[in-house]
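The values are calculated or read from the model by the stated rules, or taken from the named source; none is laboratory data. Note that the structure is predicted; figures quoted are calculated from it, not measured. Ideal geometry is used to build each Cβ from the backbone, glycine not excepted, and the neighbour counts take in all protein chains shown. With ligands, DNA and RNA removed, areas are computed over all heavy atoms of the protein, side chains included. Shrake-Rupley method; radii C 1.70, N 1.55, O 1.52, S 1.80 Å.
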Amino acid sequence: MPPTPHPSELMCKTCHFKAKNLSGLKWHQSSHKAPTPPPEVTDDDQIFYSYVCHKVFTGQPIDANGNNLPPHALPAPDENAQSFNSWALFQDQHSFDFANLFFTKIQASAPLVDEALDLFASMILHPSDDESGSESGPNIW
């Protein structure tokens, strides 16, 4: 096993950075490598810059038929986009509001939501469970 260098030996000779170990010093010293200088340009040389555009993928906005739109023109609205008041996965706003209340505000788990729906359905289907048949049960409306 090679001897461990003395801490003073783990210092970068260029910038006096102190490394904790030999591999750290080697990694640090690799950052001091001089970049390759650009080629010298004389007055006789001409530098040309060019770029090549792709024939199809130009970034130009197009319409539904693939025709280029005029400058600063807005694209047509997407026919498949959902409207602002769309409830997407829900049948209506009430269903959305119920899910928003239980999952977002109350943060109830799915089994608790199922239980709440079962209780609500039983209250709707059987408004009164007492034997007399009167509707003296809780008035949910």
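Here's the yes/no breakdown for (1) open to solvent by 90 Å² or more (accessible area, probe 1.4 Å); (2) touching a His at 6+ places or on another chain (Cβ under 9 Å); (3) modelled with pLDDT of 80 or more:
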residue: CYS12; (1), (2), (3): no, yes, yes
residue: LYS18; (1), (2), (3): yes, no, yes
residue: ASP44; (1), (2), (3): yes, no, no
residue: PHE84; (1), (2), (3): yes, no, no
residue: ALA110; (1), (2), (3): no, no, yes
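Kindly indicate whether GLN60 is at negative phi and modelled with pLDDT under 70. When the stated conditions are applied, GLN60 does not pass them. Selection of the stretch 9-34 for residues being part of a loop (DSSP other than H, G, I, E, B) and among the hydrophobic types (A, V, I, L, M, F, W, C) yields LEU10, CYS12, CYS15, PHE17, ALA19, ALA34.
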